[in-house]
Structure formats: structure tokens, C-alpha cells
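Data block below; observations after.
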Amino acid sequence: MEINLASIRQEYTKGGLRESELPDNPFLLFSQWLQEAIDSKVDEPTAMLVGTVSPEGKPSTRTVLLKDLHDDKFIFYSNYESRKGRQLAQNPAISLSFVWHQLERQVHIEGTAEKVPPDESDQYFKKRPYKSRIGARISPQSQPIGNRVQLIRAFIREAARWIGKEVERPAHWGGYAVIPERIEFWQGRPNRLHDRIVYTLQPDGHWKKERLAP
């Protein structure tokens with residue numbers, strides 16, 4: 001079966017970016033765009049493609065959900081012993097990409113990741129659904145398993161252990177805070193003359209704002 005990919009075209013017409021109208025702090029613009037994505041009911045508005053670096057220097061990507069945004073940091077949670085967790089332990093360089101197709105918008109972030117304090121991970125873990133907490137305790141994330149039945153049995157056994165008790169956060173699970181150094185906002189425009197505005201963090205802590213060619 002042949003798929004004619006070259007013929008797939010879409011004209012972008014839903015918005016534009018003017019430097020003079022944009023805030024000096026990129027977090028203000030990101031918060032605005034994220035809220036608009038949520039209000040517009042786009043599919044998975046908090047989903048982001050997380051890129052890390054393998055020990056061999058190769059890129060590694062997966063989709064994770066953004067769970068908080070504070071102190072100019074992007075927060076997500078994961079298994080510290082997962083593939084991305086092991087890679088971040090060796091190299092904290094990380095990228096995040098948000099793609100909101102319905103709004104013809106993208107945001108690309110580059111920076112470094114660090115673990116959030118344990119008490120912050122504890123607070124978020126308590127807010128998770130009960131079954132998600134059990135799953136976090138038993139899943140050897142990114143490791144090979146024999147079959148799905150093995151996973152379900154481990155879930156049932158672990159759930160039985162915590163009947164009537166508060167499910168504790170396992171030490172191998174917690175949050176990461178991404179400290180950005182570069183944030184690019186992309187807005188689709190007609191004729192492929194897209195708007196790209198990039199903010200780069202300067203040594204004095206201020207953000208430099210520039211327009212990039214599409």
C-alpha cells in the first residue's frame with residue numbers, strides 16, 4: 001500500500017505573534033497558551049514530548065503529562081528508575097515539546113532537570129487516584145516483563161497490602177523540575193511563514209526575546 005504523504009497540506013490561519021504584544025517573561029505567555037488550550041478542550045492539553053540523552057549520546061523521547069508550573073519551572077512525575085530517570089541521573093539535559101494541533105501552536109523548551117524535594121513528591125502522590133498509587137509501587141517501569149498477567153497479579157497483591165491504609169509513595173517514584181534556558185513559541189501562519197519567537201535566558205537572569213525565520 002502506498003501512502004501519498006507529499007500531498008497532505010494544511011493552511012494555518014488561526015493566529016499570529018507580534019513581539020511588541022508579548023510579555024518579557026515567557027512563563028506568562030506559556031501560562032496563557034496552556035489555559036487557552038485547556039479552555040479550547042484540545043486533546044491532552046498537558047501532554048508533552050520529553051527528550052533526554054542516552055549514555056551513548058543518542059536522543060530518547062516519550063510522552064509525559066505536565067503536572068505543575070511554579071517558580072519558573074515545569075514539573076512532572078515519573079519513576080526514577082525508568083529509562084528517562086536513569087538517563088537524567090547521568091545527564092540532566094532535557095527538552096519538552098507541547099503540540100496543540102487544534103490551535104496551530106507549539107512550544108519547545110530546553111533546559112535541565114532536577115528532582116523536586118521529597119515532601120513535594122509526597123504531596124502530589126497523595127492526590128493521585130488510589131489505583132495509580134498502587135501502580136506506581138509495583139511497576140518496574142521500562143523493564144521487560146513476562147506478560148500482562150504478571151503485572152496484574154502484582155497489582156492485586158500490592159492493593160491487598162494497603163487495604164484501610166494510606167498508600168505510601170515509593171522511594172523510586174517522584175517529581176522532576178525542569179529549569180528552562182530556552183523557550184520557543186511557534187504559531188502557524190499562512191504560506192508556511194510561521195511565527196517563531198524564542199526566549200533565551202541571559203546570565204543576569206533576564207530573558208532575551210527574538211524572532212526566528214520559519
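The values are calculated or read from the model by the stated rules, or taken from the named source; none is laboratory data. Computed from a predicted model, the values in this text were never measured in an experiment. Side chains are part of the model used for accessible areas, which takes the heavy atoms of the whole protein and leaves out ligands, DNA and RNA. Shrake-Rupley method; radii C 1.70, N 1.55, O 1.52, S 1.80 Å.
Dividing the Cα radius of gyration of the stretch 167-214 by 2.2 N^0.38 Å, with N the residue count, gives 1.84.
In terms of overall dimensions, the chain has a Cα radius of gyration and Dmax of 20.0, 60 angstrom. Taking all Cα pairs closer than 8 Å and separated by 6 or more residues, the relative contact order of the stretch 57-212 comes to 27 percent. Cα centroids of the stretch 122-143 and the stretch 158-181: how far apart, whole angstrom? One Cα centre to the other: 5 Å. Ordered from highest to lowest accessible area with the whole protein assembly present and a 1.4 Å probe, GLU210, GLU104, GLU44 read as GLU44, GLU210, GLU104. If you wrap the tightest convex hull around every Cα atom of the stretch 25-118 and split its volume per residue, you get 103 Å³. Pairwise Cα separations in the stretch 117-170 fall into 10 Å bins from 0 onward with the following percentages, short to long: 23, 50, 25, 3. Taking the inverse of the mean reciprocal distance over all distinct Cα pairs, the Kirkwood hydrodynamic radius of the stretch 1-80 comes to 16.3 Å. Residue ranking by accessible heavy-atom surface, 1.4 Å probe, largest first, among PHE74, PHE155 comes out as PHE155, PHE74.
Note on surface exposure: GLU2, GLU120, GLU81 rank GLU2, GLU81, GLU120 by accessible area, highest first, 1.4 Å probe. Computed over protein heavy atoms with a 1.4 Å probe, the carbon and sulfur contribution to the accessible area of the chain reaches 50%.
Computed with a 1.4 Å probe over protein heavy atoms only, the accessible surface of the stretch 1-96 comes to 63 Å² per residue. Divide by every residue of the chain the summed helix terms, -39500 (n - 2.57) for each DSSP H run of at least 4, and state the resulting mean residue ellipticity at 222 nm, rounded to the nearest 500 deg cm²/dmol. Mean residue ellipticity, 222 nm, calculated: -8000 deg cm²/dmol. Over the heavy atoms of LEU212, what accessible area does a 1.4 Å probe trace out, to the nearest 10 Å²? Taking all protein chains as shown, LEU212 has close to 50 Å². Lysine pair count for the chain (Cα-Cα distance under 24 Å; residues 8 or more apart in sequence or on different chains): 28. When the surface is traced with a 1.4 Å probe over the full set of protein chains, THR112 keeps roughly 50 Å² accessible.
Note that the stretch 89-214, at 4 °C in a medium of 1.567 mPa s, gets a Stokes-Einstein diffusion coefficient of 71 µm²/s from its Kirkwood radius over C-alpha pairs.
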